[in-house]
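*Asks:* Provided herewith is a single structure, encoded as structure tokens, for subsequent inquiry.
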Amino acid sequence: RIRYKAVECWLYFSAPVIFSYDLMAMAVKSSRMWPAIIVVLDISLVLNMAPRVHRNLIIMFIIWLALASAEEWLRFGLIEAHFPSIPQEDRAEPCNCETANPCPRSPVIAFDSFISSIALFLLDYYFTRGFARDLQKERQSMQNVITASERTAEYLSKFDLEAAASTLSDTPLPPPLHSAFDSILANLHVYRPYLPQSCFQLGCDNSSENSENVSDSSTKSDENISS
């Protein structure tokens, strides 16, 4: 539980850090950094975080992208608020615009950039979420197969054929494994009348007692032979 909360806090903390670097990239006219939030969202999907974490990250990204696109178009002061923290040698070259530096973009270009970025982000979320869900289902299915196989093997070792058959019918096993267990069950049903009654003693205590008796008897026989 503590590890889950730590990962959740890290995901929430990563988003504003990425947005801050993205704003700096806008100010210096460098490559944008917002695609890094896609990696953060993919990590939350692969780690099977709660749906509210995915939802919160998506809302944070859409709000940031809307603010960034509006700043590129209207230049309402978001870049200027962050501009003093940028070293002088890294700042963008002054332009000939009368409003601000860097120059504002046209509304059409800003809107097109906003829509295309949202589309890319949501497409990645859609496909990665499908992959993550399939992976979780496959993992759960494998766990169910392992559990059912362990229980069936335990019942077969005790010759509890009815319980083994019930376990096989309740759990969808892979066809080769199911066929192998069916063959074992069929053979044990055929051989059961010819097996000694000691084979049908159930419980670990009886098995351990039988093994101890066999061990004691073998020890005594060895002593008699040596004498």
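A short reminder: the numbers here are calculations on the coordinates, not readings from a lab. In this text the structure is predicted, and so the values were computed from the model without any measurement. Backbone-built Cβ (ideal geometry, glycine too); neighbour counts: all protein chains shown.
*Asks:* Which ³J(HN,Hα) values, rounded to whole Hz and listed in residue order, are derived for the range 162-177 from phi using the Karplus coefficients 6.51, -1.76 and 1.60 in 6.51 cos²θ - 1.76 cosθ + 1.60 with θ = phi - 60°, glycine and proline given as x?
*Replies:* Working through the residues one at a time gives 5, 5, 5, 5, 5, 5, 5, 6, 8, 10, x, 8, x, x, x, 5 Hz.
*Asks:* What is the sum of charges around PHE19, taking Lys and Arg as +1, Asp and Glu as -1, for the other residues whose C-beta is under 13 Å from the C-beta of PHE19? Before the final figure, lay out the partial values.
*Replies:* Values: positive: ARG32; negative: ASP22, GLU71.
Net charge around PHE19: -1.
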